[in-house]
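Shown next, in structure tokens, is the structure this report addresses.
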Amino acid sequence: REAVVSTQSTGIALARELSEDFIISEMNLSYNNIGNTGAIALGKSLQDNKFLEALDLSMCDIDVKGIEALCTGLQMNDNLKTLNLKGNKFGRQGGILISATLQVNAILRNLNIADTDQTNESLIALTTVLHHNTSIKKLDVSNPLLFSEQEETTVHFAKMLRVNYGLTELRLCKHGILDFGASQLAEALRDNTSLLFLDLGCNKIGEDGAKAIAGLLRLNTPLKKLSLTSNRIGNNGVVAISEAVATNNCNLNTLMINNNGITETGVCAVAAALRLNITLSNVYLWGNELRNTACDAFERLMDGNKPRILPHNTDIEPYRVDGVTYLAEAGHYLFSH
């Protein structure tokens, strides 16, 4: 069953249950005042627990002391597969402890350390471990504390992707990635056969970076889902990507290009690609300039008994006023993000 608690004392009580082999497979403590006291108790319980497979401790006010206890527990645990630590400000030292743990633990599959104040040093330590640890499948390291624009961490993630054959999902949002970093990632992924979802949202990728990614897509790599949300790829960047997926890619099924400074020319290029590509089924482009011919093009794609794009697979929906077609943000998407 799944357990949901709210305070440090309740968290400690549940930790005792875990120690006594109560059959709890998922524990959701997110957005609660668990703190270091609760984390230390949970860390001790993880050493012996045989049933817990998913633990959500996001936004629980845990710092490096709590992380140290959790890492000790993880080094002796052989069943926890999912750990969410998002929003706990344990910083560089906590990140290095987690990296050291991943050298020992080969059971954990999904790890979220987004918004935890990771630094260059801790991220480089993590990528170094992931050269050899192939048990981690999904990793979110979004929004670290990086003060350099030299993209050192992006280069290290690229080097890791050249040799890691375990990761299927990688989220690098808010890493300050520029065209150079995007090109490094694209080049590294040419030989990667495992990554299915790459999230590069909220970076600084421009036209050249998008063209490098287009070159990757032309190779028809296993990548199925790509997010470039809130970058600056513009018309030239999206045209290059559209041309790549139009006839050279049959694996990508989801493309997110919201808020990228794209105008009618770029949006129409995406529409043209969708008419040729039969596998790209999910397209998200709200936040760009959706006018005139762009609106007409997507109305045609979403119209009829067998629409090319289904309403629930995009973030826009067409409507007409006085015979003129406009696009609005889809209601289902508006309330889901």
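The values are calculated or read from the model by the stated rules, or taken from the named source; none is laboratory data. Nothing here was measured: the structure is a model prediction, and the numbers come from that model. Positions of Cβ are generated from backbone atoms using ideal geometry, with glycine treated the same way; all protein chains shown enter the neighbour counts. The area values use the complete protein model at the heavy-atom level, side chains included, leaving out ligands, DNA and RNA. Shrake-Rupley method; radii C 1.70, N 1.55, O 1.52, S 1.80 Å.
Results, tabulated for the structure shown:
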read-out	value
Computed magnitude of the charge dipole of the stretch 40-90 (debye, nearest 20; Cβ of K, R +1, Cβ of D, E -1)	40 debye
Choice from 147, 197, 51 with maximal GNM fluctuation in the chain (Cα, 10 Å cutoff)	147
Options 254, 102, 193, ranked by Cα towards positive dipole end of the chain, top entry (Cβ charges)	193
Ranked order, 322, 179, 78, 199 - accessible area, probe 1.4 Å, largest first	322, 78, 179, 199
Inter-part distance where the stretch 259-323 and the stretch 162-226 are each reduced to a Cα centre, Å	24 Å
In Å², nearest 10: area of residue 207 left accessible to a 1.4 Å probe	60 Å²
About the Cα centre, charge dipole magnitude for the chain (Lys/Arg +1, Asp/Glu -1 at Cβ), debye	600 debye
Accessible-area ranking of 175, 132, largest first, probe 1.4 Å	132, 175
Answer label for semi-axes √(5λ) of the Cα gyration tensor in Å (calculated), chosen among (i) 40, 23, 17; (ii) 45, 33, 22; (iii) 39, 26, 18	(i)
Which of 171, 92 is most accessible, then next, and so on - probe 1.4 Å	92, 171
Residue-averaged 222 nm ellipticity for the chain, from DSSP H runs of 4+ at -39500 (n - 2.57), nearest 500	-12000 deg cm²/dmol
With DNA, RNA and ligands ignored, accessible area of residue 308 (1.4 Å probe; Å², nearest 10)	60 Å²
Karplus-derived 3J(HN,Hα), 6.51/-1.76/1.60, for each residue of the stretch 86-93, Hz, glycine and proline x	3, x, 8, 8, 9, x, 4, 5
Area of residue 76 that stays accessible when all protein chains are in place (1.4 Å probe, Å², to 10)	110 Å²
Other-chain or far-sequence residues with amide H under 5 Å of residue 118's (modelled H)	145
Under Karplus coefficients 6.51, -1.76 and 1.60, residue-wise ³J(HN,Hα) of the stretch 235-240 in Hz, glycine/proline x	5, 4, x, 6, 5, 4
Residue 53 versus residue 278: modelled label distance in nm, points set 7 Å from Cα along the beta carbon direction	3.6 nm
Simple spin-label estimate for residue 329 and residue 25 in nanometres, 7 Å along Cα-Cβ	3.7 nm
